[in-house]
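K.L.:
Input: one structure, supplied below.
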Amino acid sequence: MKKTLPIFLILLLMFALAACQNEDPLPTPVATLAVSSVEGAEDEAVEEATAVPEATDLPESTATPAPPTATPLPPKPLTVCLGAEPTSLFLYGDDSLAATAVRHALYENLYTTLNYQYEPQGLQKLPSLDEGDARIGLVEVNEGDLIVNSAGNVVFLVPGVQFVRGDGEFITFDRTLTGEGAEPLLMQQMTADFTFQPMTWSDGTPVTAADSVFSYEIAASPDLPINQDKIERTASYEATGDLTVTWTGLPGFLDLEYFTNVWTPLPQHQLGDFTAAELLAEESSAPQPLSSGPYVVDAWQRGESLLLRPNPNYYRADAGLPHITELTMRFDLAGETAVNQIAAGCDIVTHDAITLSQTPDVLAAAESGELLATFVSNNIFEHIDFGINSWENYGDGNRNGRPDWFEDTRVRQAITLCTNRQQLVDEITYGQSRILHAYIPDDHPLYPAEAQAWDYDPAAGNGLLDAVGFEDTDGNGFRELVERDLSATIVATTTMSITLSTNSESDIRLRINELVAADLAECGIQVNLTDVNANDWFDDGPFSPLFGRRFDMATFAWRTSIHPPCGLYLSSNVTGPEERGFGGWSNINATGWIDEEYDAACNAALAALPGTPEYTENHLAAARIFTDELPIIPLFEYLKTAVTTPTVLNFQPDPSQPSELWNLAEIDIDE
């Protein structure tokens, strides 16, 4: 069973989950079950969460010819090979990686997510609270109004609903709050203004704010299989000028990503007579939507390729974009290795066509000069959790359970020092990934520069274990926890024997555990390896050994995104029965770790909006505490691998972007 991060993990109290973007959605952290073997691990883990709706039938050719006076460009073809064929190019149709890649050619990015930060592209700027084009005001609410409550859920304001009043006080609604003589009941409400670049559709018609509102109305249709969180929390989305729109959230919805609450325009003058269901239908009579991006569709040979040519009315054409005059997207080579695809005429092979096991061949071809290889994080990180506070008598420290080995921070630090994580990186990812030291990578802007790394140092690890009181008293190579009386006489010993567990379907994790067990034996720690089938391992507690908090050490993965997922380790998210004060058996903090200082920093970070000092300072503080306390051993990131011929220019994969073709207009080829 896949664990999904609940809304309340990334929002605190008055904040609701930031809705998925309608361009390149970033994934929320999930337990990665698809990493079941070295073959294709990193790609399966990403595609697992990607729903593919029914196909939309599109015409073969919709390209608009260039004006007769245009100077012909010298031929400059480029071929991209995808891992699959899109089933639809409609903006709200197929959301697979292949379709996402192609849409970068057809719809201008309104913003990008590069280096874990947002930048405008089709927008003139991103709205900002500091600059006044985003605002938090007060609005009067009455019984029956739709609001976002204190838990971040969309509800009607009725008696018994808990919400945050405009002054920040948490209260429960009753009719006396709005009765005769009562003061107006106020709540906070957020608005954001967006201004589009002066873009033009491929038929020469200007792109307008009304096109974006039309797109919002289509997206809001219940007939579309897309995430509706952002739409459900929208009070209004209105055109305020030819190129300007204003988004207004429901009262109580203070969005972490308010600056992304804008909808990619669709050509209303072309599609305005069609419903959302008609646009999505496989046998739709609707035409292929006009393009606002750098390319238009020329021909689609089903099962083979998609041919695109430059959009003659692309708004950046004066800058010489796009560079390529004939862009071919091939999917007939899916299943071939990346090296074979390059040999078959592909200039770019996207990461969804490359499995982890191909890495040695890719590296060999790169070494010989046949291709260039790029490796970037796919935002899934592998780690080993410590069972710090286990459930009931599993780790209660008495004879009914194992000792509470991991409540002492020094023990966790020692085990991390004894773990050769670079060896894991070298073997599992062929040396292409990197060691992690927290739930975010070292190059994330919110990773503290002074954070403790705990690099492989078994001598230091052994020293810490000595200091805690673990000794090898019987000479068998394994340590015991030694208890002495006042005369220093040994009165009791307990062998430090721990269990390291994971799901049995994952060859990668089984191998990780073998290597870690060998490392820990060098520090005198006896490790017993166990594995459980994924359905039981990832099930909700109390029956799951993982989320039921009945393990010593556990290996699995979480998915992350632009915002640091510090909420994964909040004490409020410790799994356990709610009636006992825990976050529920469906929650996600399996370590049982509780740290008040960390909670304060993480909660303050989640309560702040990006760009504010509170957001930055508290995320840095939380990560700093985390790297000191080590409730887990962060291991490494899984990777997206893409390859190009040596002649491809401006190819810039980024861990923040699902598709490496985000800048198709700038990609060029050196002839």
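K.L.:
Only counting other Cβ atoms within 10 Å, I'd like 355, 555, 493 sorted with the fewest neighbours first. All intermediate terms of the calculation are to be shown ahead of the outcome.
P.N.:
Values: 355 20, 555 25, 493 16.
Lowest to highest Cβ neighbour count: 493, 355, 555.
K.L.:
Okay, moving on. Between residue 301 and residue 136, with labels modelled 7 Å along Cα→Cβ, what's the label distance in nm to one decimal, could you check?
P.N.:
Each label point is offset 7 Å from its Cα along the Cβ direction, giving 5.6 nm.
K.L.:
Once fully extended, how much extra length lies between residue 285 and residue 466, figured as 0.36 nm per residue of separation less the alpha-carbon to alpha-carbon distance? Walk me through the numbers before you get to the answer.
P.N.:
Numbers: separation 181, 0.36 × 181 = 65.16 nm, distance 7.49 nm.
Contour length minus the Cα-Cα distance gives 57.7 nm.
K.L.:
Pull up all non-local amide H partners of residue 480: gap of 5 or more, or a different chain, and H-to-H distance under 5 Å with H placed in the peptide plane.
P.N.:
For residue 480, the qualifying residues are 471, 472, 473, 496.
K.L.:
Give me the dipole magnitude in Debye, nearest 20, for the stretch 110-286 about the Cα centre, with unit charges on the beta carbon: positive for Lys and Arg, negative for Asp and Glu. Write down the numbers at each step before the final one.
P.N.:
Working: 6 positive and 27 negative charges, 62 e Å.
Around 300 debye, computed over the stretch 110-286.
K.L.:
Now, a different point. So which chymotrypsin sites (Phe, Trp or Tyr not before Pro) in the stretch 463-567 end up in coil per DSSP with only 16 or fewer other C-beta atoms within 10 Å? Walk me through the numbers before you get to the answer.
P.N.:
Details: sites: 470, 478, 537, 538, 543, 547, 551, 556, 558; in loops: 478, 538, 543, 547, 551.
Counting only loop positions with at most 16 other Cβ atoms within 10 Å, the chymotrypsin sites (Phe, Trp or Tyr not before Pro) in the stretch 463-567 are 543.
K.L.:
Starting at the first residue of the stretch 553-564, write each ³J(HN,Hα) from the Karplus equation 6.51 cos²θ - 1.76 cosθ + 1.60 with θ = phi - 60°, in whole Hz, x for Gly and Pro.
P.N.:
Coupling constants for the stretch 553-564: 9, 9, 9, 6, 10, 10, 9, 10, 7, 5, 7, x Hz.
K.L.:
Can you run phi through the Karplus equation (6.51, -1.76, 1.60; θ = phi - 60°) for the stretch 534-544 and list ³J(HN,Hα) in whole Hz, with x for Gly and Pro?
P.N.:
Coupling constants for the stretch 534-544: 4, 4, 7, 4, 9, 5, 5, x, x, 7, 5 Hz.
K.L.:
Give the residue list of GluC sites (Glu not before Pro) in the stretch 87-190 that are DSSP loop and have at most 15 other beta-carbon atoms within 10 angstrom. If you can, show how the numbers build up before the last one.
P.N.:
Numbers: sites: 108, 131, 140, 143, 169, 180; in loops: 108, 131, 143, 169, 180.
Passing both the DSSP loop test and the Cβ count: 131, 169, 180.
K.L.:
Ranked by Cβ crowding within 10 angstrom, fewest neighbours first, how are 571, 544 ordered?
P.N.:
Numbers: 571 19, 544 22.
The order, fewest Cβ neighbours first, is 571, 544.
K.L.:
Filter the GluC sites (Glu not before Pro) in the stretch 473-565 down to the DSSP loop ones having no more than 14 other Cβ atoms within 10 Å, then list what survives.
P.N.:
Working: sites: 480, 483, 505, 514, 522; in loops: 505, 522.
Those that pass, being in a loop and sparsely packed, are 522.
K.L.:
Something else now. Evaluate the charge dipole of the chain about its Cα centre and quote only its size in Debye, nearest 20, assuming +1 on the Cβ of each Lys and Arg and -1 on the Cβ of each Asp and Glu. Walk me through the intermediate numbers first.
P.N.:
Numbers: 30 positive and 101 negative charges, 51 e Å.
Taking the Cα centre of the chain as origin, the dipole is about 240 debye.
K.L.:
Can you list residues whose amide H is under 5 Å from residue 388's amide H, if they're 5+ apart or on another chain and H is modeled 1.01 Å from N?
P.N.:
Answer set, sorted by chain and number: 593.
K.L.:
According to a simple spin-label model (label point 7 Å from Cα along Cα-to-Cβ), what is the distance in nm between residue 205 and residue 182?
P.N.:
Here the answer is 4.8 nm between the modelled labels.
K.L.:
Something else now. Using label points projected 7 Å from each Cα along Cα→Cβ, tell me how many nm separate residue 493 and residue 450, to one decimal.
P.N.:
Placing both labels 7 Å beyond Cα along the Cβ direction yields 4.2 nm.
K.L.:
Along the positive direction of the dipole of the chain (beta-carbon charges: Lys, Arg +1; Asp, Glu -1; about the Cα centre), which of 152, 634, 100 reaches farthest?
P.N.:
Result: 152, furthest along the dipole toward the positive end.
K.L.:
Find which of 198, 221, 458 sits farthest along the positive direction of the dipole of the chain, computed with +1 on the beta-carbon of Lys and Arg, -1 on that of Asp and Glu, about the Cα centre.
P.N.:
Selected residue: 458.
K.L.:
Step through the residues of the stretch 191-197 one at a time and calculate ³J(HN,Hα) from phi using the Karplus curve (6.51 cos²θ - 1.76 cosθ + 1.60, θ = phi - 60°), rounding each to whole Hz and writing x for Gly and Pro.
P.N.:
10, 8, 9, 10, 10, 7, 5
K.L.:
Counting only helical runs of four or more DSSP H residues, what would the 222 nm mean residue ellipticity of the chain come to if each run contributes -39,500 (n - 2.57) and the total is spread over all its residues? Mind dumping the intermediate values first?
P.N.:
Numbers: 15 runs with 133 residues, N = 671.
The helix contribution divided over the chain gives -5500 deg cm²/dmol.
K.L.:
Only residues of the stretch 608-630 count here: report those whose backbone N is under 11 Å from the spot 7 Å along Cα→Cβ of residue 128, or say none.
P.N.:
Output list for this probe position: 611-612.
K.L.:
With a Förster radius of 30 Å, plug the Cβ-Cβ distance of residue 319 and residue 274 into 1/(1 + (r/R0)^6) and report the FRET value to the nearest 0.05. Provide the component values of the computation, followed by the final result.
P.N.:
Numbers: r = 33 Å, r/R0 = 1.11.
After rounding, the FRET efficiency stands at 0.35.
K.L.:
Normalised by the residues of the chain, what does the relative contact order come to in percent, with Cα pairs under 8 Å and at least six apart? Spell out each step's value before the answer.
P.N.:
Values: 1536 pairs, mean separation 134.2, N = 671.
This gives 20 percent for the chain.
K.L.:
Quick one: grab the alpha carbon gyration tensor of the chain, order the square roots of its eigenvalues as a ≥ b ≥ c, and give me rounded if a/c is under 1.5, else prolate or oblate depending on whether a/b is larger than b/c.
P.N.:
Oblate, because a/c is 1.5 or more while a/b does not exceed b/c.
K.L.:
Could you work out the local net charge near residue 524, counting Lys and Arg as +1, Asp and Glu as -1, over the other residues with Cβ closer than 11 Å to its Cβ?
P.N.:
Numbers: positive: 479; negative: 466, 471, 472, 480, 522.
Here the charged neighbours net out to -4.
K.L.:
Computed FRET efficiency, Cβ-Cβ of residue 650 and residue 628, R0 45 Å: what is it to the nearest 0.05?
P.N.:
Computed FRET efficiency for residue 650 and residue 628 comes out at 0.65.
K.L.:
Please list the non-local residues whose amide H lies under 5 Å from the amide H of residue 371, H modeled 1.01 Å from N, same-chain partners needing a gap of 5 or more.
P.N.:
Those lying under 5 Å, H to H, from residue 371 are 366.
K.L.:
What ranking do 516, 102 get, fewest neighbouring Cβ atoms within 10 angstrom at the top? Before the final figure, lay out each step's value.
P.N.:
Working: 516 26, 102 29.
Placing the least packed residue first, the sequence is 516, 102.
K.L.:
Please compute the net charge surrounding residue 461, taking Lys and Arg as +1 and Asp and Glu as -1 over other residues with Cβ under 15 Å from its Cβ. Please list the in-between numbers first.
P.N.:
Numbers: positive: 410, 412, 421, 479; negative: 408, 455, 457, 466, 471, 472, 519, 522.
My count for the surroundings of residue 461 gives -4.
K.L.:
While we're looking at this one, here's another question. Cut-off 14 Å, label point 7 angstrom out along Cα-to-Cβ of residue 410: give me the residues of the stretch 437-468 whose amide nitrogen falls inside.
P.N.:
Residues passing the 14 Å test: 460-468.
Every read-out reported here was derived from the displayed coordinates using simple, explicitly stated rules and does not represent laboratory data. As the structure is a computational prediction, the values presented were derived from the model and not from experiment. When we count neighbours, we look across all protein chains shown, and the Cβ atoms used for this are built from the backbone with ideal geometry, even at glycine.
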